[in-house]
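To start, the structure under review is shown below, and the notes come after it.
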Amino acid sequence: MKLYYFPGAPNPTKVRLYLAEKGIQVDEVLVDFRQKEQKSPRHLARNPLGKLPVLELDDGTHLTESLAIIELFEELHPEPPMIGRDPYERARVRRLERIADLAILLPVGRIIHATNSPLGYPPIPEVAAAERNALPNALAVMNDSLSDRPFVAGDQPSIADCTLFSALRFAQFFEVVIDAQFANLHAWFGRFKERTSVQKITA
Ligand SMILES: N[C@@H](CCC(=O)N[C@@H](CS)C(=O)NCC(=O)O)C(=O)O
């Protein structure tokens, strides 16, 4: 299998982090956003939406959508579980992962692309303002989750940590400030940053 990625992009990062946490090796192929390679005919044949990540399977077919890719690997390699051990735990992990993705990663991306887009999108101040306004509610949910546990969904890392870390790393890189009131979140980010998985994907 081959994973097409770009190093700074948060959706490929969440998959790479997951794979590193699980100790799963796949070949990686860089698609260079700086050269707009994600919109080249070659890449559009892999993903008509012109986005990353894309997983190329051994039969040559392609799978897109970061969560679908992660769920495939989780079914192929169930141990150690990163989406919970029973239906209730899985539901709780998926809830937090969806909040991290839809209410943090996506808005952070919109703020960045509406203010200082690395892909060259034009500034849209009203979009940035609306997203900045909504973001603290979701950050508060994560901050509360982290009040009594070392990882977002419990005692062990889960896919919710991978998504949240990718979102906050993207925010940090493009100077989207996460308010200091979210102390549990800042402490978790500092701890997670030291993990071997993070060192591995940033090497
Ligand atoms: N829902 C998709 C989102 C994919 C996505 O938006 N990827 C971004 C990178 S984080 C991308 O490829 N952007 C390039 C572009 O829009 O040109 C997923 O989870 O994989």
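The values are calculated or read from the model by the stated rules, or taken from the named source; none is laboratory data. Predicted model only: the values in this text are computed from it and were never measured. Cβ atoms come from the backbone with ideal geometry, glycine included; neighbour counts cover every protein chain shown.
A few remarks follow.
- Test: Ile159 is touching a Phe, Trp or Tyr at 6+ places or on another chain (Cβ under 7 Å) and over 21 Å from Ala134 (Cβ atoms): yes
- Here Ile69, Ile104, Ile99, Ile111 are screened, and the one residue that is of a type in the set (Val, Ile, Thr), in the same structural domain as Tyr18 (by TED's automatic domain parsing) and touching a residue at least 12 places away in the same chain (Cβ under 8 Å) is Ile69.
- Test for Glu37: is it farther than 16 Å from Lys200 by Cβ, within 8 Å of the ligand (Cβ to nearest atom) and surrounded by 13 or more Cβ atoms within 10 Å (Cβ to Cβ): no
- Test: residue in region 139-159 that is closer than 17 Å to Pro107 by Cα and acidic (Asp, Glu): no
- Qualifying residue in region 121-129 (condition: of a type in the set (Ser, Thr, Tyr), in contact with a helix residue (DSSP H, G or I) (Cβ under 9 Å, 6 or more places away or on another chain) and touching a residue at least 40 places away in the same chain (Cβ under 8 Å)): no
- So Leu67, is it more than 13 Å from the ligand (Cβ to nearest atom), in a helix (DSSP H, G or I) and surrounded by 15 or more Cβ atoms within 10 Å (Cβ to Cβ): no
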